[in-house]
Amino acid sequence: MAYRKIQGDQLFDGVKMFDQEDPRILIYQDSGEIEAILPPQEAGEGVQKVEGLLCPGFINTHCHLELSHMAGVIPEGTGMVEFLIQVMTRRDEGASDHLLAARLADQQMSEGGIVAVGDISNLISSLPIKAGSLLHYHTFVEVAGFVPSGAEARLGQARQVYKGMSMVLGAGQVNLVPHAPYSVSKPLFDALDVPGLTSIHNQESQAENVFYQTKEGDFLKLYNTLGLNLDFYTPYGKSSLQTWLPWMKQPHKLLLVHNVASAAEDIDFALGLAQERAQQLFWCLCPGANQYIQQTMPPLALFREKGCQITLGTDSLASNHQLSILSEMQLLQEHFPEVPLAEMLGWATRNGASALNLEHTYGRFAKGFQPGILLVSGLEGEKIRGNTQVKRLV
């Protein structure tokens, strides 16, 4: 069996960073399957040397591939509620060929070193892309409907999308999930409380918390635009996370997305409840989208202080300028320069793989894994710069 041997200036194996003071050689098969990581004295001859950092492929844990045609449609800085309104009212605008736009976005992710994606779907339109992609997709079929009386109809519509996706991609690669606290009724939450992998947009803005606490604030504009009668709704007097999370009682692996308005007490509450219920929580950060929509960033210092499992996502081209995990890390570094590069790479690789149930194949350089092999060049020490590039070697 033929093996390839490669050595970079640095190597991140998904857990630990190795540099020139403690170098490692990566040995892998032509298929990309990892055979070993060895010190130079044990690796033998035939080692290819490259300039840059070797690391496993990136995992994008939150994307909306089917919105790719909306690139540039919605201006920056609208705020969360206005952004949601424009997504719903302008969804047919942008590139006329929706399938081509999604195909180009898929290609952009692959060329940027992404090997697996947690993708949100409301329609079946992205299925042809996913079925033929080089990337591994886990599809979250979103269910939305804030009026309790419409729960069964909304669930039925989503089940049709789920059925179509799972017939081609496999049932293990598709889940029915709630969209967001502000768009899902209590009966829908109850219906979706089944064991397994779940994703939900969480605390995307402070307005979400205000609505749950007082039935006031910016979200009233959204419901007025939709023509919803809110007479049925009584505020809970608590933040959205502290309200809806207790409704999810099953042993979930739960991916919380955005989290820009999560306070310390919310994080403590969530971690405590998850421990009681044997649930796993992952906190997906999408800083590019947060900046695009409302010029804000997630409270990263809090998540690190609390020991949260962090992953990274790009959101959609309707809310971001590119689908690049490298760009998301660069943006985080600009706002949080104290975070070590190795820690951030762990979010983009090992944690992301674990969040999508891919921890035995992706995210690490370990024997038998096929995580993809990236070469990141143009780093300035630990800093990702504008000229930093990523190339997928396998």
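Readers should treat all values here as calculations from the given coordinates under stated rules, not as data from a laboratory. This structure is a prediction, so every number in the text was calculated from the model and none was measured. Quick reminder, even Gly has a Cβ in these numbers, built from the backbone with ideal geometry, and neighbours come from all protein chains shown.
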Exercise. Could you work out how far the C-alpha centroid of the range 319-394 sits from that of the range 155-215, in angstrom?
Key: 27 Å
Exercise. Report the one residue of S149, N60, L220 whose Cα lies farthest in the direction of the positive end of the charge dipole of the range 58-362 (charges on C-beta: Lys and Arg +1, Asp and Glu -1; origin at the Cα centre).
Key: S149
Exercise. Excluding A366 itself, calculate the net charge of residues whose Cβ lies under 14 Å from the Cβ of A366, where each Lys or Arg counts +1 and each Asp or Glu counts -1.
Key: +1
Quiz item: Which value in nm describes the separation of the simple spin-label points at Q322 and S125, placed 7 Å from the Cα toward the beta carbon?
Solution: 2.5 nm
Quiz item: ³J(HN,Hα) across the range 136-151 via Karplus (A = 6.51, B = -1.76, C = 1.60, θ = phi - 60°), whole Hz, x for Gly/Pro?
Solution: 8, 10, 10, 9, 9, 7, 7, 10, 9, x, 8, 7, x, 5, x, 4
Quiz item: In a GNM of the chain with a 10 Å cut-off on Cα contacts, which of N290, N259, N229 has the highest mean-square fluctuation?
Solution: N229
Quiz item: Measuring from label point to label point, each 7 Å out along Cα→Cβ, what is the E380 to E343 span in nm?
Solution: 2.2 nm
Exercise. Could you pull out every residue, at least 5 positions away or on a different chain, whose amide H is within less than 5 Å of the one on C284? Hs are placed 1.01 Å off N in the peptide plane, and Pro or chain starts have none.
Key: L256, V257, H258, T311
Quiz prompt | Amide hydrogen neighbours beyond the local backbone of F58, cut-off 5 Å, H modeled | solution = I114, V115
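How much of the DSSP bridge set in the chain is antiparallel, in percent, rounded to the nearest 5?
Working: 19 of 56 bridges.
Roughly 35 percent of the DSSP beta bridges within the chain come out antiparallel.
What area, in nm² and to one decimal, does the C-alpha convex hull of the chain cast on average over all directions?
On the way: hull surface 76.5 nm².
Convex hull of Cα atoms, orientation-averaged projection: 19.1 nm².
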Self-check item: HN-Hα J in Hz across the range 331-344 - Karplus 6.51, -1.76, 1.60, θ = phi - 60°, x for Gly and Pro
Solution: 5, 5, 4, 5, 8, 9, x, 6, 7, x, 4, 4, 5, 5
Quiz item: Which whole-Hz couplings ³J(HN,Hα) result when phi for each residue of the range 216-232 is put into the Karplus expression 6.51 cos²θ - 1.76 cosθ + 1.60, θ = phi - 60°, listed in order with x for Gly and Pro?
Solution: 10, x, 5, 5, 4, 5, 4, 5, 5, 4, 7, x, 8, 8, 9, 4, 6
Self-check item: Semi-axes of the equivalent ellipsoid for the range 1-83, Cα gyration tensor, largest first, Å
Solution: 41, 15, 11
Quiz prompt | Tilt relative to the chain, helix 98-111 - C-alpha long axis, 0 to 90 degrees, to 10 | solution = 40 degrees
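Which net charge results when you count Lys and Arg as +1 and Asp and Glu as -1 among the other residues whose beta-carbon is under 14 Å from that of P340? Each step should come with its number before you reach the end.
Numbers: positive: K16, R304, K383; negative: D19, E338, E343, E382.
Spelling it out: positives minus negatives among the neighbours equals -1.
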Quiz item: Considering amide H positions built from the backbone, and no H for Pro or chain starts, which residues 5 or more places from Q322, or on another chain, come under 5 Å of its amide H?
Solution: none
Exercise. Just add up the charged neighbours of L99: K/R +1, D/E -1, any other residue whose Cβ is under 13 Å from the Cβ of L99.
Key: -1
